[in-house]
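*Asks:* Please see the structure below; I have some questions.
The values are calculated or read from the model by the stated rules, or taken from the named source; none is laboratory data. In this text the structure is predicted, and so the values were computed from the model without any measurement. Glycine gets a Cβ as well: all are built from the backbone with ideal geometry, and neighbour counts include every protein chain shown. We work out accessible area using only protein heavy atoms, side chains counted, and drop any ligands, DNA or RNA first. Shrake-Rupley method; radii C 1.70, N 1.55, O 1.52, S 1.80 Å.
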Amino acid sequence: MGANRFIKYIMKRYNETKMVGNRVHLSTLKPGDHFIFPNLYNGTIGELVACDMNATVKWLNHPDKIKNKKEIIAASAEVYKYEL
């Protein structure tokens with residue numbers, strides 16, 4: 001149990017080093033930009049495909065979704081820009 005907690009902590013700290021700037025809405029990012037939800041499954045990374053009223057994204061490491069499958073989410077979602 002202790003090792004699992006330690007690994008989650010290390011991954012959280014690593015993801016924090018890759019975040020760029022403050023929280024932004026998905027609608028402010030450009031297509032092709034990567035973003036992270038830091039508190040969702042210990043850091044869920046996605047790529048913005050398109051953005052209008054809703055945003056179309058591809059998840060890169062979501063544990064419940066198929067990798068690179070497009071999904072529509074709210075464009076007003078607050079995320080952090082992420083550098084791969």
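*Asks:* Residue 41: under 19 Å from residue 67 (Cβ atoms), without any contact (Cβ under 8 Å) to a residue 24 or more places away in the chain and open to solvent by 70 Å² or more (accessible area, probe 1.4 Å), yes or no?
*Replies:* Details: under 19 Å from residue 67 (Cβ atoms): yes; without any contact (Cβ under 8 Å) to a residue 24 or more places away in the chain: yes; open to solvent by 70 Å² or more (accessible area, probe 1.4 Å): yes.
Considered against the rule, which asks whether it is under 19 Å from residue 67 (Cβ atoms), without any contact (Cβ under 8 Å) to a residue 24 or more places away in the chain and open to solvent by 70 Å² or more (accessible area, probe 1.4 Å), residue 41 comes out as yes.
*Asks:* Same structure again: Could you check residue 12 against (1) surrounded by fewer than 12 Cβ atoms within 10 Å (Cβ to Cβ); (2) touching a residue at least 12 places away in the same chain (Cβ under 8 Å) and say which number it fails?
*Replies:* Of the numbered conditions (1) surrounded by fewer than 12 Cβ atoms within 10 Å (Cβ to Cβ); (2) touching a residue at least 12 places away in the same chain (Cβ under 8 Å), the odd one out for residue 12 is (1).
*Asks:* Filter the stretch 47-57 down to the residues that are surrounded by 14 or more Cβ atoms within 10 Å (Cβ to Cβ) and without any contact (Cβ under 8 Å) to a residue 24 or more places away in the chain and list them by number. Steps first, answer last, please.
*Replies:* At the first step, the residues of the stretch 47-57 found to be surrounded by 14 or more Cβ atoms within 10 Å (Cβ to Cβ) are 47-49, 51, 54-57.
If the condition is that a residue be surrounded by 14 or more Cβ atoms within 10 Å (Cβ to Cβ) and without any contact (Cβ under 8 Å) to a residue 24 or more places away in the chain, then 47, 48, 49, 54, 56 are the ones that fit.
*Asks:* Out of all the residues in the stretch 61-84, which are within 19 Å of residue 17 (Cβ to Cβ), of a type in the set (A, V, I, L, M, F, W, C) and modelled with pLDDT of 90 or more?
*Replies:* Step one: of the stretch 61-84, the residues within 19 Å of residue 17 (Cβ to Cβ) are 61, 79-84.
Now drop any that are not of a type in the set (A, V, I, L, M, F, W, C), which leaves 79, 84.
Hit for the stretch 61-84 is 79, nothing else.
*Asks:* Let me ask something else. If I ask for residues that are closer than 16 Å to residue 84 by Cα and open to solvent by 40 Å² or more (accessible area, probe 1.4 Å), which ones from the stretch 22-33 would you list? Show your work before the answer.
*Replies:* To start, the set of residues in the stretch 22-33 that are closer than 16 Å to residue 84 by Cα comprises 29-33.
Result: 30, 31.
*Asks:* Tell me yes or no: at least one residue of the stretch 39-49 is more than 13 Å from the chain's Cα centre (by Cα) and under 23 Å from residue 8 (Cβ atoms).
*Replies:* Checking the stretch 39-49: not a single residue is more than 13 Å from the chain's Cα centre (by Cα) and under 23 Å from residue 8 (Cβ atoms).
*Asks:* Another question about this same structure. Of the residues that sit in the stretch 58-84 and are in a strand (DSSP E or B), over 19 Å from residue 15 (Cα atoms) and in contact with a Lys or Arg (Cβ under 9 Å, 6 or more places away or on another chain), which one is least open to solvent (accessible area, probe 1.4 Å)?
*Replies:* First pass over the stretch 58-84, keeping only residues in a strand (DSSP E or B): 58-59, 70-74, 78-82.
Checking which are over 19 Å from residue 15 (Cα atoms) leaves us with 70-74.
Right, trim to in contact with a Lys or Arg (Cβ under 9 Å, 6 or more places away or on another chain) and you get 70-71.
Numbers: 70: 129, 71: 53 Å².
Going through the qualifying residues, I end up with 71.
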